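Visitor: Could you have a look at this structure, given as structure tokens, before my questions?
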Amino acid sequence: MFSKLSGIPTEKINLDLDSNGKPFLDAMDYQFSMAHSGEMVAVAISRSPIGVDLEIEREVDVVTLAQRFFSPEEALILERNPDPTLFFRLWTCREAAIKADGRGLAKLLGQTKVDEEANSAGGIDVTIGGESWIACHCRESARVHVAMAFREHPSLINWSDLRREVIV
């Protein structure tokens, strides 16, 4: 995929890690992010910082997880409405923005706040220690949540479902 995008032979594309452990491709002018859940994988590629998260909705203790990992405001929202769909929307947007930021989940989890509602452009605002990100959340199916995070709302997103494509 990266070879086709860049025109660089596969054997010349090296995967490396930055000082925070975020993977990057040293021979390319693109940034990428990957996520998986169950047997599904999501990959996002951009010329600017990008993060992606993918979660299959499953039974979880919404209130306990929200109290542990979310801001007090978000935890209160989920205490009042312990809806798993809302929880996974907030979770995927949070994790996508943290991945885009690149400083690591452990460092940023407590500094991250996700708005409950979409903004006027349809994105979900995420704040990490005073820095703003925009997450685009969608549901691939009734149980699959996908979010991508960017600094600015992208003008174009291309989507490919490789389960439905023939790869030669």
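Visitor: Among the aspartates and glutamates, which fall within straight-line cross-link reach of residue 12, defined as a Cα-Cα distance under 12 Å, with same-chain neighbours fewer than 8 residues apart omitted?
Guide: Cross-link targets: 26.
Visitor: Let me ask another. What value does the chain have for Rg/Rh, both radii from Cα atoms and Rh as Kirkwood defines it? Please report the intermediate quantities before stating the final value.
Guide: Working: Rg = 16.4 Å, Rh = 16.8 Å.
Rg/Rh for the chain comes to 0.98.
Visitor: Step through the residues of the range 82-91 one at a time and calculate ³J(HN,Hα) from phi using the Karplus curve (6.51 cos²θ - 1.76 cosθ + 1.60, θ = phi - 60°), rounding each to whole Hz and writing x for Gly and Pro.
Guide: With the stated coefficients, the range 82-91 comes to x, 7, x, 5, 5, 4, 5, 5, 5, 4 Hz.
Visitor: Given the C-alpha centroids of the range 1-39 and the range 116-145, what is the distance between them in whole angstrom?
Guide: 24
Visitor: Another question, if that's okay. Within 10 Å, count the other beta carbons around each residue, average over each peptide in 121-128, 14-21, 50-57, and list them highest first. Mind showing how you got there, number by number?
Guide: Values: 121-128: 18.2, 14-21: 9.8, 50-57: 22.9.
In decreasing order of mean packing, 121-128, 14-21, 50-57 become 50-57, 121-128, 14-21.
Visitor: Here's another thing I want to ask about it. Run the reach check for residue 113 against lysines, Cα to Cα strictly under 27 Å, same-chain hits fewer than 8 apart removed. What comes back?
Guide: Cα-Cα hits under 27 Å: 22, 99.
Visitor: Kindly write out, for the range 124-129 in residue order, the coupling ³J(HN,Hα) from the Karplus curve 6.51 cos²θ - 1.76 cosθ + 1.60 (θ = phi - 60°), rounded to whole Hz, with x marking Gly and Pro.
Guide: Those phi angles translate into 10, 6, 10, 10, 10, x Hz.
Visitor: Trypsin sites (Lys or Arg not before Pro) within the range 49-135: which are DSSP loop residues with at most 13 other Cβ atoms inside 10 Å?
Guide: On the way: sites: 58, 68, 80, 89, 94, 99, 103, 107, 113; in loops: 58, 103.
Listed in order of number, the matching sites are 58.
Visitor: Picking from 40, 145, 114, whose Cα lies most toward the positive end of the charge dipole for the chain (charges on Cβ: Lys, Arg +1; Asp, Glu -1)?
Guide: Going by the Cα projections, it comes out as 40.
Visitor: What is the ratio of the Cα radius of gyration of the range 1-50 to 2.2 N^0.38 Å, with N the residue count, to two decimals? Provide the component values of the computation, followed by the final result.
Guide: Numbers: Rg = 11.5 Å, N = 50, 2.2 N^0.38 = 9.7 Å.
That ratio works out to 1.18.
Values quoted throughout were computed directly from the atomic coordinates according to the rules given, and no laboratory measurement underlies them. Given the structure is predicted, the values throughout are model-derived calculations rather than measurements. Cβ atoms come from the backbone with ideal geometry, glycine included; neighbour counts cover every protein chain shown.
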